[in-house]
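K.L.:
Let me begin by handing over the structure; questions about it come next.
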């Protein structure tokens with residue numbers, strides 16, 4: 001009977017937590033989690049949620065404390081681990097944050113979007129070599145993801161690799177997704193750096209007609225304008241200008 005009563009009490013606590021979360025009442029949710037974690041200190045998910053809510057509330061020290069406790073009990077969700085790394089950054093523990101991001105990026109299969117996000121985090125923190133390792137690790141598991149090849153090309157450029165080396169990576173992206181205009185703009189930029197403007201023009205002409213272009217990146221569109229201007233391709237220039245006007249409205 002005592003066990004049944006305890007179970008009902010726990011259920012009630014979680015029901016009240018659910019209501020607070022549904023209402024968007026972070027303070028009430030944290031109060032419920034405090035009770036749950038005191039009564040059932042082995043509930044790793046509750047500690048993890050406390051970490052997430054404290055991070056959301058701008059309290060990185062508490063967030064780190066709760067995440068670390070959660071990690072002793074369960075494996076954190078990937079998103080929680082990244083948030084934990086951001087909290088380490090917020091309290092000045094950059095080395096720990098970088099280590100956590102890198103380990104997260106190379107130790108387990110991740111969705112492409114998360115892989116790119118972690119890679120970008122490391123790049124922003126000034127570690128392009130670690131960023132490249134994360135992308136290469138993901139490519140070892142899935143070599144048919146064009147976004148990863150394109151990402152690798154950009155990181156290789158940051159690492160000081162030659163345009164020819166960077167071009168090899170972006171060409172893999174184009175081979176897998178020939179219709180993506182952004183990949184071709186990157187390739188064209190590299191070809192121009194290699195003093196091959198005609199090849200650059202041919203690469204982008206394949207995805208830009210005289211009537212339309214599927215591209216939302218202003219920077220890429222301006223690069224295309226410059227390329228088409230050099231070859232007096234006024235029809236394609238006009239299409240790019242029209243697209244820019246649509247984006248800027």
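Each reported figure results from applying straightforward, stated rules to the coordinates on display, with no laboratory input. Being a predicted model, the structure only gives us computed values, none of them experimental. Ideal geometry is used to build each Cβ from the backbone, glycine not excepted, and the neighbour counts take in all protein chains shown.
K.L.:
Looking at (1) 7, 31, 37, 20, 5, 0; (2) 7, 23, 22, 19, 15, 9, 4, 1, 0; (3) 7, 27, 35, 24, 7, 0, which value of P(r) over Cα pairs in 10 Å bins from 0, in percent comes from a calculation on the structure shown?
P.N.:
It is the one labelled (2).
K.L.:
Using C-alpha positions alone, give me the convex hull volume of the range 1-92 per residue in cubic angstrom.
P.N.:
86
K.L.:
Right, next: Compute the relative contact order of the chain as a whole-number percentage, counting only Cα pairs closer than 8 Å that sit 6 or more residues apart in sequence.
P.N.:
Averaging sequence separation for qualifying contacts and normalising by length gives 8 percent for the chain.
K.L.:
Something else about it: Report the FRET efficiency, 1/(1 + (r/R0)^6), for residue 107 and residue 226, where r is their Cβ-Cβ distance and R0 is 45 Å, rounded to 0.05.
P.N.:
0.60
K.L.:
Report, in deg cm²/dmol and to the nearest 500, the calculated mean residue ellipticity at 222 nm for the chain, where each DSSP H run with n ≥ 4 adds -39500 (n - 2.57) and the sum is divided by the residue count.
P.N.:
It comes out at -25000 deg cm²/dmol, rounded to the nearest 500.
K.L.:
Now a separate question. Could you give the length gained by full extension between residue 235 and residue 164, i.e. 0.36 nm per residue of separation minus their alpha carbon distance, to one decimal place?
P.N.:
22.6 nm
K.L.:
Further, regarding this structure: Between the range 161-195 and the range 26-54, how many Å separate their Cα centres?
P.N.:
The range 161-195 and the range 26-54 have Cα centres separated by 48 Å.
K.L.:
Name the most mobile residue of 170, 207, 19, meaning the one with the largest mean-square fluctuation, in a Gaussian network model of the chain with Cα contacts below 10 Å.
P.N.:
Among 170, 207, 19, the largest mean-square fluctuation in the Gaussian network model of the chain belongs to 19.
K.L.:
Measure nothing but the geometry: give the 0 to 90° angle between the long axis through the Cα atoms of 2-23 and the longest principal axis through the Cα atoms of the chain, rounded to 10°.
P.N.:
On a 0 to 90 degree scale, this one is about 40.
K.L.:
Among 87, 206, 54, which one shows the highest mean-square fluctuation when the chain is modelled as a Gaussian network with alpha-carbon springs under 10 Å?
P.N.:
The residue with the greatest mean-square fluctuation here is 206.
K.L.:
Given points 7 Å out from each Cα along the Cα-Cβ axis, report the residue 90 to residue 21 separation in nanometres with one decimal.
P.N.:
So the two model labels end up 1.9 nm from each other.
K.L.:
Roughly how many whole Å is it from the C-alpha centroid of the range 93-159 to that of the range 59-84?
P.N.:
Centre-to-centre distance over Cα atoms comes out at 21 Å.
K.L.:
Another question, then. What's the whole-number percent of alpha carbon pairs in the range 137-208 lying beyond 20 angstrom?
P.N.:
24
K.L.:
Moving to a separate point now. Relative to the longest principal axis of the C-alpha atoms of the chain, give the angle of the C-alpha long axis of helix 112-124, reported between 0 and 90° and rounded to the nearest 10°.
P.N.:
Approximately 80 degrees, to the nearest ten.
K.L.:
How would you rank 189, 124, 96, going from fewest to most other Cβ atoms within 10 Å of each one's own Cβ?
P.N.:
Fewest to most other Cβ atoms nearby, the residues stand as 124, 96, 189.
K.L.:
Given a Förster distance of 35 Å, report the FRET efficiency between residue 79 and residue 39 from their Cβ-Cβ distance, rounded to the nearest 0.05.
P.N.:
That gives a FRET efficiency of 0.85.
K.L.:
Further question on the same structure: Within 10 Å of each residue's Cβ, count the other Cβ atoms and sort 115, 26 from fewest upward.
P.N.:
26, 115
K.L.:
Return an integer: the convex hull volume of the alpha-carbon atoms of the range 56-202, in Å³ per residue.
P.N.:
Cα convex hull per residue, to the nearest whole number: 114 Å³.
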